[in-house]
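Notes follow the structure.
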Amino acid sequence: MQYDATSKTLYLPAKCTLADISTLVAEISNHYRNNQIELISGKYLSEIDSSAISLLLSLKRMNANNIHFLDMPSNISKLASLYGVNEILDITK
């Protein structure tokens, strides 16, 4: 997982599945404690399942007004639509 301090962007890794979620939550929590994060980028995401939606919802709950998602792959948007959370996540392409 990469963090760009200039743009305050956290880049999610290529894989975000149920098998990875506990590690990702720990890493992201660590980033939140040590950095100011305003953007979460899915630029590198290539392997996801519904756990990715759960992760994004958790991130939104942690910092609802100050966190934005961008560069998310189309399958994230499709899953968000399927679960009816597109408006909550407000994903920017």
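Comparing mean-square fluctuations of 19, 52, 80 from a GNM of the chain with C-alpha springs under 10 Å, the top value falls on 19. Going by neighbour counts of Cβ atoms within 10 Å, the residues 21, 48 line up, fewest first, as 21, 48. Could I have the simple spin-label model distance between residue 75 and residue 47, label points 7 Å from Cα toward Cβ, reported in nm to one decimal? It works out to 1.0 nm between the two label points.
Let me have the relative contact order for the chain, percent, based on Cα pairs under 8 Å that are six or more residues apart. In percent, rounded to a whole number, it is 28. Labels on offer are [x] 5.2; [y] 5.6; [z] 12.1, and the one holding mean projected area of the Cα convex hull in nm² computed from this structure is [x].
Placing R0 at 22 angstrom, the Cβ-Cβ distance between residue 83 and residue 14 gives a FRET efficiency of 0.50 after rounding to 0.05. Let me have the relative contact order for the range 3-44, percent, based on Cα pairs under 8 Å that are six or more residues apart. Reported as a whole number, the value is 62 percent. Ranked by how many other Cβ atoms sit within 10 Å of their own Cβ, fewest first, the residues 74, 58, 41, 46 fall in the order 74, 46, 58, 41.
The angle between the Cα long axis of helix 21-34 and the main principal axis of the chain comes to about 40°, on a 0 to 90 degree scale. Note on residue 54 and residue 29: the extension gain reaches 7.5 nm, defined as 0.36 nm multiplied by sequence separation minus the Cα-Cα distance. Counting beta carbons within 10 Å around each of 47, 87, 27 and listing the fewest first gives the order 87, 47, 27.
Every read-out reported here was derived from the displayed coordinates using simple, explicitly stated rules and does not represent laboratory data. Worth saying up front: this structure is predicted, and the values here are computed from it rather than measured. Positions of Cβ are generated from backbone atoms using ideal geometry, with glycine treated the same way; all protein chains shown enter the neighbour counts.
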